[in-house]
Structure formats: structure tokens, C-alpha cells
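Since the structure comes first, as C-alpha cells, the remarks are kept for the end.
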Amino acid sequence: MATAEERYMEWLRDAHAMEQQAETMLSSMAGRIQNYPDVRAKIEMHLDQTRSQAAQIERCIERRGGDTSTLKDIAGKVMAFGQGVGGMMMGDEIIKGAMASYAFEQLEVATYRVLIAAADKLGDTETSTTCANILREEEEMARWLLENLGNLTERYLEREETPELEAQT
Ligand SMILES: [Fe+2]
């Protein structure tokens, strides 16, 4: 059995690992997209936000007296994530990537809701505020992805039916 404090610190570390995972996924996606510049720009913008989020969570851990020296080591413990590898094989990488990104954003939304509740319960108001700010960025990204999935799908299918156009990325 962990104390509430131990569990809370573990969740902050999990959130940090999640952001590192997001950074890996977003930077690999952004680097591969060629024909959907608006999607690429949005992902690059969120990649910057993600790097800042990881740094903010690291500061929350430090402020609470947690050890940040092992943060990199536990990044691999975060849930295994497809990263659109299936899409790469099937030729619909941009669609699989957008769907996976949306799913990951929702995981992030849920993570920060949990962290805000835990921070409030333990009286860590600075972390609660930080997580609320990050939560808004995740919700905005999730909303953008959801709102643009239909339009992206139409463009993808049109490109796929045009022989001289590349549709996959
Ligand atoms: Fe994030």
C-alpha cells in the first residue's frame, strides 16, 4: 500500500513519462507529414507545448521534493502505444496517426483531471494550477483533431484516388 503522497508523486512521474512519449510520437509524425501542411503545423505547435508541459511537470516534482534523476528511465514504462506503425504499413498513415493522436490526447486529458483532483486533495495548489493550464492545452488539441478528422479523411481519399498524388503522409 502506498501513501497518498507516494501515489501522487508516482502519478506526476507517470505524467512526465506520458509527455515524453507524446514528444516522441509528435516529433516523428511532424517529421513525416508532407502533404497536409495544416496538420503538420498543428502537430508542431503541440510538440512545443508538449516539451514545455514535460518541463513544467518536472518542476512540480522537484518542488514537492521528488527525485527527477530517474525520470528518463521510467519513460519506457508508459503504456505501449501504436504510433501509427500499422498505418505506415497500410498506406493510411496520416489517418491512423490522427486517430492515435486523438486517443492519446484523451489519455492526457484524463491524466490531468486525476492529477488536479490529487493535487487539490493534498493541498498542492501550484501543481493544481499548472495541471489545469496543461489540461486546457490538451483539450484544445483533442478538439482540433476531432473537428478536423472528417475534412482530413476527405482530402486523404481524394488524394488516394488521384494517381499522381501521394496520400499516405
Ligand atoms: Fe501533453
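A few notes on this one:
- Residue 155 vs. criteria over 16 Å from the mean Cα position of the chain (by Cα) and not hydrophobic (A, V, I, L, M, F, W, C): yes
- Residue within segment 73-90 that is of a type in the set (D, E, K, R) and at pLDDT below 90 present: yes
- Qualifying residue in segment 46-60 (condition: of a type outside the set (Phe, Trp, Tyr), open to solvent by less than 70 Å² (accessible area, probe 1.4 Å), more than 12 Å from the ligand (Cβ to nearest atom) and modelled with pLDDT of 95 or more): yes
Residue-wise test of (1) surrounded by 17 or more Cβ atoms within 10 Å (Cβ to Cβ); (2) closer than 26 Å to residue 35 by Cβ; (3) away from the ligand (no atom under 13 Å from the Cβ).
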| residue | (1), (2), (3) |
| --- | --- |
| 95 | yes, yes, yes |
| 100 | yes, yes, yes |
| 112 | yes, no, no |
| 119 | yes, no, yes |
| 127 | yes, no, yes |
| 132 | no, no, yes |
| 139 | no, no, no |
| 143 | no, yes, yes |
| 149 | no, yes, yes |
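- Scope segment 20-45; condition buried (at least 18 other Cβ atoms within 10 Å of the Cβ), touching a residue at least 60 places away in the same chain (Cβ under 8 Å) and more than 16 Å from the ligand (Cβ to nearest atom); matching residues: 33, 36, 39
- Close Cβ contacts (under 9 Å, 6 or more residues apart or on different chains) running from residues in segment 142-155 that are over 20 Å from residue 92 (Cβ atoms) to residues that are in a helix (DSSP H, G or I) and open to solvent by 60 Å² or more (accessible area, probe 1.4 Å) comprise 142/106.
The values are calculated or read from the model by the stated rules, or taken from the named source; none is laboratory data. What you see is a predicted model, and the numbers here were worked out from it, not measured in a lab. Every residue, glycine among them, receives a Cβ derived from its backbone with ideal geometry; neighbour counts consider all protein chains shown. Surface areas here come from the heavy atoms of the whole protein model, side chains and all, with no ligands, DNA or RNA. Shrake-Rupley method; radii C 1.70, N 1.55, O 1.52, S 1.80 Å.
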